[in-house]
C-alpha cells in the first residue's frame, strides 16, 4: 500500500483502539509509533510495507536517534499490533502478518529516578502559598507521592472518588482500564481537604472533575506536567517529570515499613517484574542513605 492508504488505515485503527476502551495515552503512543513508521519509510522513499526488514530498520533508527530501548520497544509494538489488525480485517488489508516473530530490543536495566527526601521536601516548599494553584499543586504532589498514582490517572479522577474520612480514593481508570482503591496518610488527607475546600470557591466547582485548572474545567495532563515542572525548577530539582513521584512513592512506602505485596496492590501493577523494578531502585536509595548514616557514626 502507498503512504496515503497507510495513514488512512491508521486513522481507522484509532477508532478500533478507542472501541477497545484503551486509555487515551495508550492510543496516542500506538498511533505515534505507526505514524513515525510511515514518516521513516517516506524519508527513505519507499512504501510503508509492514515487512520484517522495514520494521527492524525502523526500530534501529529509533535506537540510533539515542532514544531508549523502552521507547523503541513501544514504537515497534505499535507497528506490530497495527500489522496484526490489518491482517485480521474482513477483508484483510494485507495478505498476511509478517511481524508475528519480530523481537524487541533488549531493555536496559536503568535506575528508576526518584526524589530524595530533601528534594521532596523542597518540592512541597515550592508549592507554598494561599492561591488556588498553590493549594492544588501541594495536594497533587502529596497525593501522587503517597498513592503511586500516575499523572493521567490523577487528572481523570472525579470529586466523588475521594473519601477523606477513610483516607482512601478510587482510581477508576488505571493502566489497562482497571480500577483500584488507594490509601494515603493523614498529612495527605489534610492537604486534600484543604484543596477540596478551596475548590468550592472555584468557577468550575460544579464540575465533576476532582482536579481543576486555574481557569475553568478539568486539569489536563499537559497543565499538570507544566505546573509541577515549574514547581520543581523553583525547588532546584533538575530533570523532573511527574512520573518521578510514582517512583518516590515506592521509596517512601518501603521507608515506612510497607510490604512489596501491598505496594503491588497500591500501584496497580499486574506483574512482579514491575514491582521489583521499583522496589529494587528504592532499596538502592535506602542503602545509600544507610551508608551515609554509618559514615557519620564513625
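Starting from the Kirkwood radius over alpha-carbon pairs of the chain, derive D by Stokes-Einstein at 37 °C in a medium of 0.692 mPa s and give it in µm² s⁻¹. Don't skip to the end; give the middle numbers.
Working: Rh = 21.5 Å.
Calculated translational D: 152 µm²/s.
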Checklist line | Cα centroid separation - the stretch 1-80 against the stretch 109-158, whole Å | finding: 33 Å
Next item on the list: Considering only 79, 60, 133, give the residue with the highest GNM mean-square fluctuation for the chain, with springs between Cα atoms whenever their separation is below 10 Å.
Entry: 60
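Classify the stretch 3-88 as rounded, prolate or oblate from the Cα gyration tensor: take a ≥ b ≥ c as the square roots of its eigenvalues, call it rounded if a/c is under 1.5, otherwise prolate when a/b beats b/c and oblate if not. Present the calculation step by step, with values, prior to reporting the outcome.
Numbers: a/c = 1.93, a/b = 1.25, b/c = 1.55.
The shape class here is oblate.
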Margin query: Would any residue of the stretch 220-256 have its amide N under 20 Å from a label point 7 Å out along Cα→Cβ of residue 214? List them or say none.
Written below: 220-237, 240-242
Check: Gaussian network model of the chain, Cα springs within a sub-10 Å range: biggest mean-square fluctuation belongs to which of 253, 13, 211?
Finding: 13
Next item on the list: Tell me what the chain gives for mean residue ellipticity at 222 nm when only DSSP H runs of n ≥ 4 count, each as -39,500 (n - 2.57), the sum divided by the residue total, rounded to 500 deg cm²/dmol.
Entry: -19000 deg cm²/dmol
Notebook entry, point to check: How high is the relative contact order of the chain, given as a whole-number percent (alpha carbon pairs under 8 Å, six or more residues apart)?
Noted result: 16 percent
Next item on the list: Compute the acute angle (0 to 90°) between the alpha-carbon long axis of helix 272-297 and the principal axis of greatest extent of the alpha-carbon atoms of the chain; round to the nearest 10°.
Entry: 40 degrees
Notebook entry, point to check: So which residue, out of 228, 212, 86, gets the largest mean-square fluctuation from a GNM of the chain using Cα contacts under 10 Å as springs?
Noted result: 86
Next item on the list: At 7 Å along the Cα-to-beta-carbon direction for both residue 121 and residue 270, put a label point, then send me their distance in nm to one decimal.
Entry: 4.0 nm
Next item on the list: Describe numerically, in nm with one decimal, the distance between label points set 7 Å from Cα along Cα→Cβ at residue 64 and at residue 14.
Entry: 2.9 nm
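Values quoted throughout were computed directly from the atomic coordinates according to the rules given, and no laboratory measurement underlies them. Worth saying up front: this structure is predicted, and the values here are computed from it rather than measured. Methodologically, a virtual Cβ is constructed for each residue, glycine included, from the backbone with ideal geometry; neighbour enumeration extends over all protein chains shown.
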